[in-house]
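Below is one structure, written out as structure tokens; the observations come after it.
The values are calculated or read from the model by the stated rules, or taken from the named source; none is laboratory data. Everything numeric here is computed off the predicted structure, so don't read it as measured data. Glycine also receives a Cβ, built like all others from the backbone with ideal geometry; neighbour counts cover every protein chain displayed.
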Amino acid sequence: MEWHFPQERIVSHILMATLVLGLMRCTSCAGTSSIRADVLVEPRTRALIVDGRPFLPFGFYTDPDITDLPEVESIYGFTTIAPYWFGRQKRSPEDIAEMRRQLDRCAAVGMKLNYDIKLLATTLQTEEDEQALRAEVEAVRDHPALLAWYIADEPELNKIPPERLIRAYKTIKEVDPVHPIAVCIARIDKAEPYLPAFDVLMVDIYPVPHHSLTKVADGVEKALAVVGFSKPVWFIPQAFGGGEFWHREPTAKEVRAMTYLGLIHGATGIQYFIRRPPIGNPKSPVVWSECRALAMEFSQLLPAILSGEPAPKVSCQPAEVHAKAFADRGVIFVLAVNTENRPTAVKISLEGCDYSGKVDLLFERRQVEASSGKVTDWIDALGTRIYRLPVGPFPPDDVQISPDNIVANPSFEEIVSPGTPANCYLWIGEVRNANCAIDPCVARHGRQSVRMTVPAEGTGPTLVPFLLRDPKMQLRDFTTNSIWFRYTPGIRLKFSVWAKAQTPGVKFRFVDANLDTLPQTFTLTSEWQRYEFEGVAKREIPYGRLGIQLIGPGTAWFDVFEVTIAGEANSQPADKS
């Protein structure tokens with residue numbers, strides 16, 4: 001069973017989005033080897049659906065020269081990048097060729113680009129201007145990394161007539177009805193005349209150091225009210241300071257609190273202003289490290305935040321703690337943020353929820369108790385919490401893991417650090433900017449899988465799971481160092497993994513220098529299949545080294561990695577009947 005998202009929900013959402021927004025589905029071939037992405041706005045949840053899966057834009061503005069940002073920041077969970085265009089109003093053919101190269105780089109590592117075309121859109125007046133706008137849209141619209149068109153930055157402050165942007169909107173839609181159009185508005189009270197000019201409203205709210213962080217909550221809620229809760233609102237958190245009207249940068253904790261406030265109060269996208277590496281905004285590497293940590297956290301939380309499933313209302317004591325519940329396939333996630341710079345006790349109540357039992361604190365490896373839908377805890381100054389309540393019912397799985405399996409975390413369900421496969425090693429391959437992460441939107445079993453992306457020819461990372469000495473062992477039950485599997489000469493292992501690729505033809509292989517039959521290479525399709533093999537150990541080694549390695553370029557998903565001890569070489573497995 002595959003869990004991109006509950007299938008019936010995705011189908012109904014896509015149909016609704018198609019009817020409401022008239023966004024055409026298209027699979028025409030791009031100028032690269034990939035296919036143009038399907039991008040739909042689902043009006044009920046205000047989420048993007050990209051190629052049939054929910055997509056959370058989590059990225060940043062940057063300068064026209066994007067340096068190595070796609071390759072570096074995709075590893076940290078960022079899904080989008082938004083380079084400004086500070087050049088001429090009309091790009092030359094050489095400029096557009098360079099933009100396509102940037103888009104190629106984004107596509108190779110799995111990122112999307114919010115395309116800045118505002119200089120053409122905001123100066124649109126003549127037929128010649130319109131033709132220039134059409135030409136650039138036509139030159140880029142087919143690219144698989146294109147997410148949206150960014151046509152204006154604070155037009156109400158820059159005195160851009162709404163009629164001009166409305167004309168630009170209509171022109172772009174005639175050429176490219178597939179991708180949404182975004183506008184950033186700073187003064188929400190001035191946004192209404194611009195409503196016909198965008199599909200996505202972006203709001204920049206920069207409270208530090210002059211205002212309370214709760215200004216973010218107020219601003220996002222006002223923006224949603226302006227669009228009638230029918231269009232996406234993306235929040236632009238402050239990641240700069242020290243000049244102009246802001247005499248200091250936000251702290252890492254303030255950036256964390258602002259980001260959580262935006263998503264708790266209804267934003268369905270994040271785009272930090274601004275990333276200028278290595279020592280530009282934000283100047284502090286600690287602040288940018290926090291942005292990266294947040295990108296990883298919300299990559300893990302994406303299915304819940306964008307699910308659209310009914311969730312209980314949340315009330316908090318004290319009121320300085322803001323919280324919201326999200327439901328996803330039998331689990332309630334409660335996001336909470338303390339808006340005060342002092343620690344506090346907190347009591348969270350879920351309306352209509354009678355769950356009592358253990359509650360996981362995600363990414364903290366601790367638990368608290370819930371009693372009839374009420375949770376009591378402490379929250380640190382400007383701190384955040386993610387409470388996970390397994391209320392059920394849970395969807396069934398049609399894949400069963402063998403009771404003889406010795407892989408400690410075969411379905412990659414264990415969460416230690418956000419977005420990161422647990423209980424395994426990752427060995428770096430030839431392509432050093434390849435990435436490997438948990439994907440909570442795609443799974444063959446359970447709730448998540450491992451996604452690998454290798455952007456160039458060559459080998460990517462090798463995932464080597466922790467193997468247990470005895471399949472009955474559980475990692476949580478042991479503190480000694482005697483639980484791992486040890487090779488002995490002649491022992492025969494059987495191993496398998498479920499896998500699929502984004503596009504057919506991507507290859508992976510089982511690798512282990514100590515097994516006589518490996519490496520063994522397989523070619524993936526775009527559908528889940530089980531791949532299996534076996535091998536005999538050649539010598540004694542104190543721990544397991546069997547792994548899966550993706551061979552690029554391409555993206556693939558892996559799930560249910562199983563290893564069983566099949567006996568000694570040339571012996572028959574024991575009859576268990």
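Quick notes
- Which numbered condition T525 fails, given (1) over 29 Å from S74 (Cβ atoms); (2) not in a strand (DSSP E or B): (1)
- The range 68-91 residues that are at positive phi, paired with ones that are in a loop (DSSP other than H, G, I, E, B) (beta carbon under 8 Å, 6 or more apart): G77/P418; G77/G419
- Lone qualifier among K112, K90 - being touching a Leu at 6+ places or on another chain (Cβ under 9 Å), at pLDDT below 95 and under 28 Å from N281 (Cα atoms): K90
- When the residues of the range 287-325 are filtered to those that are touching an Asp or Glu at 6+ places or on another chain (Cβ under 8 Å) and part of a strand (DSSP E or B), the one that is nearest to F60 (Cα to Cα) is E309.
- Flag: F495 matches the condition of being surrounded by 21 or more Cβ atoms within 10 Å (Cβ to Cβ) and modelled with pLDDT of 95 or more.
- Residue within the range 72-95 that is farther than 30 Å from I160 by Cα and assigned to a strand (DSSP E or B) present: no
- Of residues in the range 206-232 being in contact with a His (Cβ under 9 Å, 6 or more places away or on another chain) and of a type outside the set (D, E), the one surrounded by the most Cβ atoms within 10 Å (Cβ to Cβ): V216
- Tally of residues being part of a loop (DSSP other than H, G, I, E, B), within 25 Å of D38 (Cβ to Cβ) and at pLDDT 95 or above across the range 49-71: 3
- Subset of the range 75-95 that is closer than 27 Å to A267 by Cβ and out of contact with any strand residue (DSSP E or B) (no Cβ under 6 Å at 6 or more places or on another chain) - its residue that is surrounded by the fewest Cβ atoms within 10 Å (Cβ to Cβ): F86
- Test for R248: is it modelled with pLDDT of 95 or more, over 17 Å from R385 (Cβ atoms), touching a Gly at 6+ places or on another chain (Cβ under 7 Å) and not in a helix (DSSP H, G or I): yes
- Scanning the range 321-343 for residues that are surrounded by fewer than 17 Cβ atoms within 10 Å (Cβ to Cβ) and either assigned by TED's automatic domain parsing to the domain that holds L301 or farther than 18 Å from G392 by Cα (or both) yields N341, R342, P343.
- Per-region count, the range 154-168, residues within 30 Å of the chain's Cα centre (by Cα), surrounded by fewer than 23 Cβ atoms within 10 Å (Cβ to Cβ) and at negative phi: 0
- Cross-chain or 6+ apart pairs with Cβ under 9 Å, the range 253-278 first and under 15 Å from T214 (Cβ atoms), then among the basic types (K, R) and in a strand (DSSP E or B): L263/K324; I264/K324; H265/K324; G266/K324
- Number of the exception - P418 against (1) within 26 Å of L468 (Cβ to Cβ); (2) in contact with a Phe, Trp or Tyr (Cβ under 8 Å, 6 or more places away or on another chain); (3) assigned by TED's automatic domain parsing to the domain that holds K324: (3)
- Complete set of residues in the range 371-419 that are surrounded by 18 or more Cβ atoms within 10 Å (Cβ to Cβ) and hydroxyl-bearing (S, T, Y): T384, Y387, S411
- Verdict on R545 being within 19 Å of D559 (Cα to Cα), outside any strand (DSSP E or B) and in the same structural domain as V431 (by TED's automatic domain parsing): yes
- Complete set of residues in the range 428-449 that are exposed (fewer than 15 other Cβ atoms within 10 Å of the Cβ) and either under 23 Å from the mean Cα position of the chain (by Cα) or modelled with pLDDT under 95 (or both): I428, R432
- No other residue among G505, G535 is at negative phi and either modelled with pLDDT of 95 or more or surrounded by fewer than 19 Cβ atoms within 10 Å (Cβ to Cβ) (or both) apart from G535.
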